[in-house]
Amino acid sequence: MPKAYLLLADGTVFTGEGFGARGTRVAELVFTTGMTGAAESLTDPSYAGQTICFTFPQLGNYGVCIDDFESGKVHASAVVCNEYCDKPSNFRCGMTVGALLERDGVVGIEGVDTRRITQIIRSRGVMNAAVTDSEPTPGLLEAVRGYAVRGAVAAASVPEPVKLGAPGGKYSVALMDYGYKKSIAGCLLRRGCSVTVYPHGTSAEAVLAAGHDGVMLSNGPGDPAENVYEIAQIKALMGRIPVFGICLGHQMMALAQGARTAKMKFGHRGANQPAKDLKTGRVYVTSQNHGYAVVGASLAATGGELRFINANDGSVEGVDYPDLGAFSVQFHPEAHSGPRDSEGLFDRFIAMMGGGRDA
């Protein structure tokens, strides 16, 4: 394999071997702790503008299965791993991770100390980095330090409305696409809903005029506060129709009601984050992928009630808006890849659309 380099914004350089596509990619470097789910992570639009460092020692040993994709392509800019396996063993394998990265123009580097890289991120915070097959230069370091994730939602969203499932479902759901995962739509379709995926810039009035029974706000990439127009539309929807928000959708719901969000030191990315339900006391093991969080102290004036917290660091994991017929969670109840402990939240949304009492 050709030589490759990982250049961090603090000037640290790691040398390894390249796989996937060739070239140079500059992005925000983050780590994920999931032991499985490489295909799901790579195709998750929430990773747009980021380089994924996989903490599990080996990547690609079971290849990738196209049925597991969360979207049609890899959204991450680059991949970092300790050991890449180019000879996978799995009856569901459709291609190698390297072939997928090459297909979608994503560069990879292996043979680097991912434990040390993760320690750097945890101690100093998320930072920009470049993965390149050329010797790092001062000019590249300057580009790394000047990088920022911008316009990611617009790039990830569908350009036109898309209808999913058979018409005439039990309930009609508007899925606002800020970079949605296929599994979110799948959870709704399995519950008998018909789903219309709307572009991120669709107005609240257009959604309401279509006669849907509920609105699903999807996950997505980037800084939630950047999406000023989308936040205004969410504000116009809440209180007029049942609304359920996940991840970025959760953050923008809070912003719509006057709360604040803030960038976390290194975020939550993996399949084993504990989220405690303050109403029942139960702790759910959840799948997460986010670098921003709702500021808990800012919820007091919003009418929102803190429902879930992260059992590790106390950060906001879910908010109920009982007077507005809406609720949201930071974690992923559709859980691909990860535990399905909290998938029942979709049933809560279904019950709300049916006029039932919110739980």
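The values are calculated or read from the model by the stated rules, or taken from the named source; none is laboratory data. Everything numeric in this text was worked out from a predicted model, so none of it was measured. Quick reminder, even Gly has a Cβ in these numbers, built from the backbone with ideal geometry, and neighbours come from all protein chains shown.
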>> Looking at Pro45, Pro57 in this structure, which one is within 20 Å of Lys181 (Cα to Cα) and either in contact with an Asp or Glu (Cβ under 9 Å, 6 or more places away or on another chain) or at pLDDT below 95 (or both)?
In response: Pro45
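Could you check the stretch 105-119 and list, in sequence order, the residues that are surrounded by 16 or more Cβ atoms within 10 Å (Cβ to Cβ) and either within 21 Å of Gly270 (Cα to Cα) or in contact with a Leu (Cβ under 9 Å, 6 or more places away or on another chain) (or both)?
Taking the stretch 105-119 and keeping what is surrounded by 16 or more Cβ atoms within 10 Å (Cβ to Cβ), we get 106-112, 114, 117-118.
Those that are surrounded by 16 or more Cβ atoms within 10 Å (Cβ to Cβ) and either within 21 Å of Gly270 (Cα to Cα) or in contact with a Leu (Cβ under 9 Å, 6 or more places away or on another chain) (or both): Val106, Val107, Gly108, Ile109, Glu110, Val112, Thr114, Ile117, Thr118.
Pick from Ala311, Ala301, Ala256, Ala297: which is among the small types (Gly, Ala, Ser) and under 30 Å from Met35 (Cβ atoms)?
Working: Ala301 fails: under 30 Å from Met35 (Cβ atoms); Ala256 fails: under 30 Å from Met35 (Cβ atoms); Ala297 fails: under 30 Å from Met35 (Cβ atoms).
None of the others qualify; the one that does is Ala311.
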> Any idea how many residues of the stretch 1-50 are under 15 Å from the mean Cα position of the chain (by Cα), farther than 22 Å from Lys263 by Cβ and not in a loop (DSSP other than H, G, I, E, B)?
Replying inline: 4
> Is at least one residue of the stretch 197-207 in a helix (DSSP H, G or I) and not assigned by TED's automatic domain parsing to the domain that holds Asp320?
Replying inline: no
> Could you give every pair whose Cβ atoms fall below 7 Å, whose first residue belongs to the stretch 259-280 and is touching a residue at least 12 places away in the same chain (Cβ under 8 Å) and in a strand (DSSP E or B), and whose second residue is surrounded by 21 or more Cβ atoms within 10 Å (Cβ to Cβ) and of a type in the set (Val, Ile, Thr), counting only separations of at least 6 or pairs across chains?
Replying inline: Thr261/Val294; Gly267/Val30; Arg269/Val30; Arg269/Thr32; Gly270/Thr32; Gln273/Thr286; Ala275/Thr286
> Which of the residues spanning the stretch 112-128 are under 19 Å from the mean Cα position of the chain (by Cα) and assigned to a loop (DSSP other than H, G, I, E, B)?
Replying inline: Gly125, Val126
>> So, Glu334, is that one surrounded by 22 or more Cβ atoms within 10 Å (Cβ to Cβ), modelled with pLDDT under 95 and either aromatic (Phe, Trp, Tyr) or under 20 Å from the mean Cα position of the chain (by Cα) (or both) or not?
In response: yes
>> Which condition from (1) assigned to a loop (DSSP other than H, G, I, E, B); (2) surrounded by 21 or more Cβ atoms within 10 Å (Cβ to Cβ) is the one that Cys53 breaks?
In response: (1)
> Among the residues of the stretch 319-330, is any closer than 20 Å to Glu70 by Cα, under 22 Å from the mean Cα position of the chain (by Cα) and surrounded by 18 or more Cβ atoms within 10 Å (Cβ to Cβ)?
Replying inline: yes
> When you look at Gly139, is it on the phi > 0 side of the Ramachandran plot, loosely packed, with under 15 Cβ neighbours inside 10 Å and either at pLDDT 95 or above or part of a strand (DSSP E or B) (or both), yes or no?
Replying inline: no
> Is the stretch 322-344 home to any residue that is outside any strand (DSSP E or B) and touching a Leu at 6+ places or on another chain (Cβ under 8 Å)?
Replying inline: yes
